[in-house]
Amino acid sequence: MPTSRSIPESSWEHARKALIFYFTHHGAANAEDLAQETLSELWRRDDYEFKKEGDFPRVCYAFARLILMADWRRERKRESAELAHCQQAPVYSAIHLNRAELATYLEEVMEAGRAKLSARDWNVIQDSVTDDSGSEGTADANEANKARVQLHRARRRLGRLIGWKRQL
């Protein structure tokens with residue numbers, strides 16, 4: 001029974017070309033590297049015996065499929081790591097404050113809201129922060145619209161009080 005060590009060199013070369021085509025066809029950017037990795041994996045397995053020499057290409061494709069899946073997993077991990085790195089923009093970058101400054105600024109906003117806004121406006125703002133359901137609980141569409149308008153106006157008043165240039 002032939003082993004990977006007894007396969008003729010011409011079969012290895014034919015398998016290399018076929019594997020490059022296989023990896024290219026499946027969208028691998030580094031098809032030649034993956035073909036070489038597949039063949040070197042087969043070469044390392046000197047204990048693997050073929051029933052006949054014609055089984056060699058089929059075994060190559062079986063190894064190639066596993067190596068291609070491993071490459072896809074590596075690519076997915078690399079891409080997700082790159083995306084995670086890009087998406088780590090801090091929340092406070094919009095107003096250019098570091099964490100300590102942002103905490104202090106938030107306390108000042110809260111104090112200004114409590115002290116200078118009417119109780120009704122402050123309650124509307126607080127309810128919008130703590131209420132996850134939004135206006136879905138309101139049965140009447142007119143009431144829901146009134147609540148949205150009240151919230152918008154209360155936020156604008158708060159923005160003017162704290163000197164916020166943008167619309168909240």
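The values are calculated or read from the model by the stated rules, or taken from the named source; none is laboratory data. Here the structure is a predicted model, which is why all the values come from computation and not from measurement. Please note: Cβ atoms are built from the backbone with ideal geometry, for glycine as well, and neighbour counts cover all protein chains shown.
At-a-glance table
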item	result
Output for segment 50-59, where each listed residue is surrounded by 13 or more Cβ atoms within 10 Å (Cβ to Cβ) and either in a loop (DSSP other than H, G, I, E, B) or not assigned by TED's automatic domain parsing to the domain that holds R73 (or both)	F50
Any hit, segment 79-94, residues being closer than 29 Å to L39 by Cβ, modelled with pLDDT of 80 or more, under 21 Å from the mean Cα position of the chain (by Cα) and part of a helix (DSSP H, G or I)	no
Cross-chain or 6+ apart pairs with Cβ under 9 Å, segment 60-89 first and closer than 24 Å to K17 by Cβ and basic (K, R), then modelled with pLDDT under 90 and part of a helix (DSSP H, G or I)	none
Which listed residue is touching a helix residue (DSSP H, G or I) at 6+ places or on another chain (Cβ under 6 Å), assigned to a helix (DSSP H, G or I) and modelled with pLDDT of 75 or more, from L102, L106	L102
Where R120 falls short, out of the listed (1) assigned to a helix (DSSP H, G or I); (2) modelled with pLDDT under 85	(2)
Residues within segment 20-49 that are within 31 Å of the chain's Cα centre (by Cα) and assigned to a helix (DSSP H, G or I), tallied	14
Selection status of G113, at pLDDT below 85 and surrounded by 10 or more Cβ atoms within 10 Å (Cβ to Cβ)	no
Test for D33: is it among the charged types (D, E, K, R) and touching a strand residue (DSSP E or B) at 6+ places or on another chain (Cβ under 7 Å)	no
Segment 1-47, residues that are over 17 Å from W72 (Cα atoms), aliphatic (A, V, I, L, M) and either surrounded by 14 or more Cβ atoms within 10 Å (Cβ to Cβ) or modelled with pLDDT of 85 or more (or both)	I7, A15, A18, L39, L42
Residues being in a loop (DSSP other than H, G, I, E, B), surrounded by 13 or more Cβ atoms within 10 Å (Cβ to Cβ) and at pLDDT 65 or above - total across segment 130-168	1
